[in-house]
Amino acid sequence: MLQEDIAILNDRFGMTSTLEIIDRNSIPVLRISTPFARTLIALQGAQVLEWQPAGHQPVLWVSRAAQYQTGKGVRGGVPVCWPWFGAGEEGKPAHGFVRTRMWDLLSADWHGELLVVRMGISDTEETRAIWNHAFNLELRVTIGATLVMELITHNTGKESFTITEALHTYFRIGDIARTAVSGLENVQYLDKVHGFATEVQHGTVTFGGETDRIYLDTASTCVIDDAGCDRKISVAKSGSHSTVVWNPWVDKAAGFADMEPEEYREMLCVETCNAGKDSITVEPGGSHVLRAEISTKAN
Ligand code: TA6
């Protein structure tokens, strides 16, 4: 992203002392500060990188070894996984193709005390060569004392298409060994660590090793009991039938060039999804909204 592009974006969307677009190794990043929260959003992948509500500790985690490179997702924040979640077909990128592409900044407006940022991406000849459908995809981020993210799929083609998707949220926590997730009790899940075996969750989700689970057919709000930071983080949702819980633990984390070895202790993904069998079919002219609302409170 050239400096003049950044200057044009700031001319169009900048707001004195509230919103500035900065260049982070050629990736335009929105730096937002309101009375209610500080937020960073990369236009590449429409990836929310930081959200810190006033009076609270940061809620999202980004690796200290994160790499800001065009065409490569940043390890942390909220990657947008679309039009598929998980491994793609042979030769296609994991978690779809929109998280490494530049999105357009559509608008940034005040709605009362809330700042609403809209970003969008549409099909191109290149994307149709990967996934042969016409679409508009929008991420609407509402920044206040809570963080609301709405991923809006529009089918602009003449035939229906089926997607899986995720707001792949990385949360910052004090200590994974002192963390538990409630809201998934008695829910069936696919255990990726054990060959996608089907299991049922008994009690809260606690962590003593690599954990990678797709909880199916659940619309529940999850609560992260982050004892290490003496707080709880709530992840409410709509338009989502699945929740993924993931911590790579020692060995997997050691395999990531963009993650320091010990960082697995201070992060946890609780992802708002439609994954596995919970796919979504969008008719021509139709749309679908995947919504996550994040809030936090001290114990
Ligand atoms: O959402 C969990 C997961 O599917 C894990 O299996 C792991 O692959 C993680 O996503 C990270 O994927 P990424 O492609 O961002 O390294």
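The values are calculated or read from the model by the stated rules, or taken from the named source; none is laboratory data. Just so we're clear, the structure is a prediction, and the values are computed from it rather than from any experiment. Here the Cβ positions follow ideal geometry from the backbone for every residue, glycine too, while neighbour counts run over all protein chains shown. Only protein heavy atoms, including side chains, enter the accessible area calculation; ligands, DNA and RNA are left aside. Shrake-Rupley method; radii C 1.70, N 1.55, O 1.52, S 1.80 Å.
About the centre of its Cα atoms, the chain shows a dipole size close to 320 debye [charges on the beta carbon of Lys, Arg (+1) and Asp, Glu (-1) only; nearest 20 debye].
Taking amide hydrogens as placed 1.01 Å from N in the peptide plane, the amide H of G286 sits under 5 Å from those of N155, each at least 5 positions away in sequence or on another chain. Our Cα-only numbers for the chain put the radius of gyration and Dmax at 18.4, 55 Å. Residues whose amide H lies under 5 Å from that of F207, counting only those 5 or more places away or on a different chain, are T179; hydrogens are built 1.01 Å from N in the peptide plane.
A straight Cα-to-Cα reach below 13 Å connects K158 with the aspartates and glutamates E283, residues fewer than 8 places away in its own chain not being considered. Taking Lys and Arg as +1 and Asp and Glu as -1, the other residues whose beta-carbon sits under 11 Å from that of C222 total -1. Phi-derived couplings, Karplus 6.51 cos²θ - 1.76 cosθ + 1.60 at θ = phi - 60°, listed residue by residue for the stretch 90-105: 2, x, 10, x, 4, 6, x, 10, 8, 6, 10, 10, 6, 9, 7, 7 Hz, with x used for Gly and Pro.
Taking a sphere under 11 Å around the Cβ of A254 and counting the other residues whose Cβ falls inside, with K and R at +1 and D and E at -1, yields a net charge of -3.
How many percent of DSSP beta bridges within the stretch 2-298 run antiparallel, rounded to 5? Among the beta bridges of the stretch 2-298, antiparallel pairing accounts for roughly 100 percent. Taking the centroid of alpha carbons for each part, the stretch 154-211 and the stretch 70-136 are 20 Å apart. Protein heavy-atom surface of the chain, 1.4 angstrom probe: 47% of the accessible area is carbon and sulfur, with nucleic acids and ligands not counted. Since only I280, T124, I176 are under comparison, the one whose Cα sits farthest along the positive direction of the charge dipole of the stretch 2-298, derived from C-beta charges on Lys, Arg, Asp and Glu, is I176. Within the same chain, aspartates and glutamates fewer than 8 places from K192 are excluded, and of the rest, those with a Cα less than 12 Å from its Cα are E210, D212. N155 sits among other residues whose Cβ lies under 12 Å from its own Cβ, and their net charge, with Lys and Arg +1 and Asp and Glu -1, is -2. Computed 3J(HN,Hα) for the stretch 207-223, one whole-Hz value per residue from the Karplus formula 6.51 cos²θ - 1.76 cosθ + 1.60 where θ = phi - 60°, is 10, x, x, 3, 10, 8, 10, 9, 7, 9, 6, 10, 10, 6, 6, 9, 10, glycine and proline marked x.
With N as its number of residues, the stretch 37-167 has a Cα radius of gyration that, divided by 2.2 N^0.38 Å, comes to 1.09.
Along the stretch 143-151 the Karplus relation, 6.51 cos²θ - 1.76 cosθ + 1.60 evaluated at θ = phi - 60°, assigns HN-Hα couplings of 9, x, 5, 10, 10, 10, 10, 10, 9 Hz to successive residues, with x for each Gly and Pro. Quick query: amide H of R38 versus all other amide H atoms, modeled in the peptide plane; which residues come in under 5 Å with a sequence gap of 5 or more or a different chain? For R38, the qualifying residues are Q52, A54.
In terms of its C-alpha gyration tensor, the stretch 169-264 has an oblate overall shape, because the principal axis ratio a/c (a ≥ b ≥ c, square roots of the eigenvalues) is not below 1.5 and a/b does not outweigh b/c.
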